[in-house]
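Inspection log for the structure reproduced underneath, given as structure tokens.
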Amino acid sequence: MLSALADRFPRHRVLITSDVARAVLVALMAVPGVPLPVLLALLLAASLCSPPFEAARNALMADVLHGDRYAVATSLTGITAQVAQLIGYVLGGVLLVSFSPSAALVLDALTFAASATWLALGLRRRPAPVLESPEGGAGSIWAAASSGLRLVASTPRLRAIVGLLWVAALFVNASEGIATPLGLQLQGTTAAAGLLLAANPAGTALGGLFIGRFCPPHLRERLLAPLLGLSLGGVLLAGLVPLVLDRGTAAFAVVLVLFFLAGIGGAVNIPLNVAFVQAVPSAYRGRAFGVAASGLSGFQGLGAVLAGVGADVLRPSTVVALAGGVGLLAVLGPLLAMRRGPTARQKGRPFPRGLRARG
């Protein structure tokens, strides 16, 4: 719901305000002696600032960059996010060893303050998209958020794109939920889980660089099916490895390579992102990105939970193989729908019923 703020206010202001709010909230977490329930509440509040920030950033990027420049920027953003996440985990551990948790949180708050300052100094001011209800007054935040959901639901091509994102995330990310038992099965140690978790993001970073920087624009959407096949097929084959190789270094190495290849296939998000932007009117991009991102997070979590439940009954490798095999079948429907689904503009309905745009 808060993603709709990216369409109701100037997007640069949403970005800066979100970072300032997170800097304050994380700084409050650093106060010594804060009770645990209060810490959790502050953490929740800080997390609530992320959806409007990400929606505004994605929407603003699509406004500033056009055509192939947006695809390249999307790939670089994905690579940066993967690398920064890995660095953040390592740096967080080093800070906790070297300093107190309060000191680590203060440094964390300073990163949000630095981001807000950077944006305030370097980002051009642009007006907000103006959306009004038929009665002439500004609608509620709930109505604005609902309009984004209606736009996605009423446009066949958008439904297909979002469906591909969500279904692929459900099955590809399932293996992350059972990395520890899978490592135990393959090598007999939980230390293997870290490498299993890192293989897919590493492949995604490399695949994103290739698809975004070196792949011609006209070829990207044609690669949707091959990339999806590589992503889910790699997961399927990784789950079948223990049927061929006994537990040991060889089996573990093959599974790592297959997860890495599946990660390369995960670069399918770049052409899907570009297609999504092209199908959404600028004034609706913030809330439309919010719908896609919220569902993506939900399906990623659901995949991990279902894999964990399955690993209580079946061998972890069997669960991984089922995730890849069922996923390959599940993406066929939205993939075919995307190829034949028109955009909102092609249908002659650029905006959901009950709302009009100006400005």
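So ALA81 fits all but one of (1) within 28 Å of GLY266 (Cβ to Cβ); (2) loosely packed, with under 13 Cβ neighbours inside 10 Å; (3) free of Cβ contacts under 8 Å to residues at least 40 places away in the same chain; what number is the exception?
Against the list (1) within 28 Å of GLY266 (Cβ to Cβ); (2) loosely packed, with under 13 Cβ neighbours inside 10 Å; (3) free of Cβ contacts under 8 Å to residues at least 40 places away in the same chain, ALA81 comes up short only on (2).
Could you check GLN278 against (1) among the polar types (S, T, N, Q); (2) surrounded by fewer than 18 Cβ atoms within 10 Å (Cβ to Cβ); (3) at pLDDT 85 or above and say which number it fails?
Exception for GLN278: condition (3).
What number of residues in segment 222-258 are under 23 Å from the mean Cα position of the chain (by Cα) and exposed (fewer than 15 other Cβ atoms within 10 Å of the Cβ)?
2
Give, as residue ranges, the helices (runs of 4 or more DSSP H) completely inside segment 3-55 that count at least 1 residues that are without any contact (Cβ under 8 Å) to a residue 60 or more places away in the chain.
Once the helices (runs of 4 or more DSSP H) in segment 3-55 are filtered for at least 1 residues that are without any contact (Cβ under 8 Å) to a residue 60 or more places away in the chain, what remains is 11-29, 36-48.
Take LEU223 and decide whether it is touching a helix residue (DSSP H, G or I) at 6+ places or on another chain (Cβ under 6 Å) and not assigned by TED's automatic domain parsing to the domain that holds GLU54.
No, not satisfied.
Provide a single number: the residues in segment 17-55 that are under 22 Å from GLY122 (Cα atoms) and over 21 Å from the mean Cα position of the chain (by Cα).
5
Before we move on, is LEU197 assigned by TED's automatic domain parsing to the domain that holds ALA321, within 30 Å of ALA56 (Cα to Cα) and out of contact with any His (no Cβ under 9 Å at 6 or more places or on another chain)?
Spelling it out, LEU197 is indeed assigned by TED's automatic domain parsing to the domain that holds ALA321, within 30 Å of ALA56 (Cα to Cα) and out of contact with any His (no Cβ under 9 Å at 6 or more places or on another chain).
The values are calculated or read from the model by the stated rules, or taken from the named source; none is laboratory data. Predicted model only: the values in this text are computed from it and were never measured. Positions of Cβ are backbone-derived with ideal geometry, glycine not excepted, and every protein chain shown enters the neighbour counts.
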